[in-house]
Amino acid sequence: MSGGGVHRIETVGTELPDDGLIAVVKRDCPTCLLVVPALEQLGAAGGLTVVVQDDAEPFAHLPGVVIDRDLDTSWVLGVATVPTLVRRVGGADEGRTEGWSRREWEHLTGVADLAPGLPEQRPGCGSLTEEPSIRDRLRVRHEGARLRSRRIEISPLDDEMESLFDRGFTDGLPVVPPTPERVLRMLDGTSRDPSEVVAVVPPDLVECTVEKVAVNAVMAGCKPEYLPVVLAAVEAACTDEFNIHGLLATTWFAGPLVVVNGPVTRAIGMNSGVNALGQGNRANATIGRALQLVIRNVGGGRPGGIDRATLGNPGKYTFCFAEDEDGSPWTSLATDRGVPEGRSAVTLFAAEGVRGMADQTSRTPESLARSFAACLAGVTHPRVVVAFDAMLVVSPEHGRVFAEAGWDKQRLLDELKEVLMLDTDPLLEGVDGLEMGLDPKWAGLKLPKFRDGGLTITYAGGGAGMFSAIIGSWASGAVGSDPVTVEVRP
């Protein structure tokens with residue numbers, strides 16, 4: 001107690017009265033200063049606690065003032081706007097109102113004719129707990145204990161970026177330091193429990209939780225709203241069908257490609273148009289990178305270790321794009337793979353680099369399909385059949401040729417399958433002096449370039465340019481990898 005009849009409690013704790021009214025205010029808020037007469041009237045009746053976030057001077061004459069120096073009380077109360085008036089009964093909140101509304105304050109307090117000299121209504125101001133730097137600090141203090149990841153202390157004299165390089169946590173490019181504040185913000189992007197196990201990540205077969213994915217998503221530069229897509233990609237990568245362990249261990253070029261479908265692509269601003277397979281879009285770039293960092297940092301899949309690629313390809317940093325469903329004349333990749341329309345999904349494909357395919361002459365679907373087939377025949381090697389898959393990314397100008405002729409995707413696949421039934425005799429080893437080729441026992445046959453289901457068609461790209469893309473794969477099926485599609489969960 002202090003002199004002059006002023007009752008003041010200074011606290012950095014979160015103890016609150018079990019019963020009565022709590023008003024949370026700050027001096028730097030005109031509405032908080034406006035409601036002082038209402039607080040005086042309520043204080044005179046007893047049972048009022050006034051929690052002050054900053055300078056208590058304008059409220060010092062009120063009984064039961066709490067100076068919330070560390071804002072812990074405001075945080076526990078969940079205050080977003082000041083003034084906030086809360087009624088507590090038996091230790092539980094029975095109701096609250098924000099800002100000033102005489103009708104709502106009278107209803108909450110049961111006091112009629114409250115502060116008759118005040119206007120009927122005024123909006124409040126933002127609570128200090130909502131300021132980003134303060135909010136992050138409070139979240140770590142109050143919620144940081146739920147983070148289970150190992151903490152690494154870095155000396156103030158050390159460079160954070162260089163320390164992460166030194167510890168081998170990067171893919172060769174700088175990463176964002178995953179501070180507790182950033183990881184907690186990232187976890188806001190999903191409703192899933194941070195401790196939930198998303199997958200067991202090869203090659204070290206380590207259980208990977210939602211929190212561990214969030215840590216790597218932070219390092220990759222993701223926004224929180226990207227996290228559900230990254231989680232789905234991790235789930236898909238770690239299935240037996242996709243076989244990320246084998247994909248890492250092969251000396252071939254390939255790595256995981258993430259194709260995203262559904263409403264989430266628009267919600268997070270993914271690129272399915274101009275330069276869709278290139279740089280410049282944050283969501284495309286960081287989602288694919290986050291998956292690769294999880295494989296590296298959680299699963300232990302590092303180049304020179306289990307990752308034995310002879311040459312690799314730039315897509316092993318990140319390879320991710322959205323399909324252009326709005327512009328496509330066809331059903332989406334996700335729908336083709338069993339996902340109901342209107343839902344979001346990721347499809348993982350074991351992908352080598354992108355090879356361009358140009359045909360600026362064909363104006364009939366038959367001619368253009370044969371152009372595609374001629375280029376597809378060279379995937380991996382012109383004399384390799386059945387063993388490797390491929391993805392064909394059809395651009396809008398090429399897609400228009402098929403759409404105007406009424407060809408759906410299945411018609412194009414059927415045409416390609418027919419054209420890519422190859423005579424084996426020119427493909428035999430030793431023919432034309434080329435030792436690479438089929439065993440002579442396959443002479444006199446026709447064999448498909450791709451297995452059934454081994455050719456995947458997607459649709460993306462800018463509106464100008466009669467160019468499409470062919471993305472070769474790795475060994476297919478049980479000896480290699482199958483594409484895997486997983487729905488995106490919030």
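The values are calculated or read from the model by the stated rules, or taken from the named source; none is laboratory data. It should be emphasised that the depicted structure is a prediction, and the values quoted were computed from it without experimental measurement. Here Cβ is always computed from backbone atoms with ideal geometry, including for glycine, and neighbour counts include all displayed protein chains. Remember, those area values only see protein heavy atoms, side chains included, never the ligands or the DNA or RNA. Shrake-Rupley method; radii C 1.70, N 1.55, O 1.52, S 1.80 Å.
For GLU207 and ASP425, what does the FRET efficiency come to when R0 = 56 Å and r is the distance between their Cβ atoms, rounded to the nearest 0.05?
Numbers: r = 52 Å, r/R0 = 0.93.
Plugging the Cβ-Cβ distance into 1/(1 + (r/R0)^6) gives 0.60.
Work from the charge dipole of the chain (Cβ charges, +1 for Lys and Arg, -1 for Asp and Glu, about the Cα centre) and give the residue of THR31, THR485, THR109 farthest towards its positive end.
Farthest towards the positive end: THR485.
What distance in nm separates the two pseudo spin-label positions at ASP93 and ARG308, each 7 Å out from Cα along the beta-carbon direction?
Taking the two extended label points, one gets 5.8 nm.
Can you give me the % of accessible surface on the chain that is carbon or sulfur? Probe 1.4 Å, all protein chains present, nothing else counted. Before the final figure, lay out the partial values.
Numbers: 11270 of 22000 Å².
Carbon plus sulfur share of accessible area: 51 percent.
Give the cysteines in the chain for which no other Cys Cβ lies under 4.7 Å away, or write none if there are none.
CYS208, CYS222, CYS238, CYS320, CYS375 - these cysteines have no disulfide-compatible partner (Cβ-Cβ under 4.7 Å) in the chain.
Going by amide H atoms built from the backbone, whose H comes under 5 Å of the H on VAL198, apart from near neighbours?
Answer set, sorted by chain and number: CYS208, THR209, VAL210.
If r is the Cβ-Cβ distance from SER133 to VAL386 and R0 is 45 Å, what FRET efficiency results, to the nearest 0.05? Intermediate results must be reported in sequence, preceding the final value.
Values: r = 59 Å, r/R0 = 1.30.
Computed FRET efficiency for SER133 and VAL386 comes out at 0.15.
Only one of the values (1) 1.34; (2) 0.97; (3) 1.08 was calculated from this structure for Cα Rg over 2.2 N^0.38 Å; name its label.
Evaluating Cα Rg over 2.2 N^0.38 Å on these atoms matches (1).
Figure the gain on full extension for ASN275 and GLU106 (residue separation times 0.36 nm, minus the Cα-Cα span) and round it to one decimal in nm.
Details: separation 169, 0.36 × 169 = 60.84 nm, distance 5.94 nm.
Gain on extension, ASN275 to GLU106, equals 54.9 nm.
For the stretch 373-429, which GluC sites (Glu not before Pro) are in a loop by DSSP, counting at most 15 other Cβ atoms within 10 Å? Please report the intermediate quantities before stating the final value.
Details: sites: GLU397, GLU404, GLU415, GLU418, GLU429; in loops: GLU429.
Here the sparse-neighbourhood loop sites are GLU429.
Can you tell me how much longer the chain between SER367 and ARG355 gets when fully stretched, taken as 0.36 nm per residue apart minus their C-alpha distance, in nm with one decimal? Working shown, then result.
Working: separation 12, 0.36 × 12 = 4.32 nm, distance 1.98 nm.
Contour length minus the Cα-Cα distance gives 2.3 nm.
Suppose the chain between LEU33 and GLU15 were pulled fully straight at 0.36 nm per residue; how much longer would it get relative to their current alpha carbon spacing?
Details: separation 18, 0.36 × 18 = 6.48 nm, distance 2.47 nm.
So the chain would gain 4.0 nm between LEU33 and GLU15.
On average, how much accessible surface per residue is there in the chain, in Å², for a 1.4 Å probe, leaving out ligands, DNA and RNA?
Working: 22000 Å² over 490 residues.
Using a 1.4 Å probe on heavy atoms only, each residue of the chain averages 45 Å².
For an R0 of 51 angstrom, estimate the FRET efficiency from the Cβ-Cβ distance between ALA44 and ARG167 and round to the nearest 0.05.
Efficiency computed from Cβ-Cβ geometry: 0.25.
Dividing the Cα convex hull volume of the stretch 20-113 by residue count, how many Å³ per residue is that?
Details: hull volume 8.4 nm³, N = 94.
Roughly 89 Å³ of hull volume per residue.
Label 7 Å along Cα→Cβ of GLU143; the stretch 42-81 residues with amide nitrogen under 14 Å?
Taking a point 7 Å out along Cα→Cβ of GLU143, the residues of the stretch 42-81 whose backbone N falls under 14 Å are 75-80.
Can you give me the Cα centroid spacing of the stretch 360-390 and the stretch 25-89 in angstrom?
Here the two parts' Cα centres lie 73 Å apart.
Please give the charge dipole size of the chain, origin at the Cα centre, charges +1 on K and R Cβ atoms and -1 on D and E Cβ atoms. Round to the nearest 20 debye. Spell out each step's value before the answer.
On the way: 46 positive and 67 negative charges, 71 e Å.
With only Lys, Arg, Asp and Glu charged at Cβ, the dipole is about 340 debye.
What residues from the stretch 423-460 fall in the zone where the backbone N is under 14 Å from a label point 7 Å along the Cα-to-C-beta line of ALA403?
Label zone hits: 459-460.
Binning every alpha carbon pair distance of the stretch 274-425 at 10 Å from zero, what are the percents per bin?
8, 31, 36, 20, 5, 0
Report, in whole Å, the centroid distance computed from the Cα atoms of the stretch 311-340 and the stretch 230-272.
Each part's Cα centre sits 10 Å from the other's.
Please list, or write none, the aspartates and glutamates whose alpha carbon is within less than 14 Å of the alpha carbon of LYS223, excluding same-chain residues fewer than 8 places away.
Counting by Cα, and skipping residues close in sequence, LYS223 has these aspartates and glutamates nearby: GLU181, ASP188.
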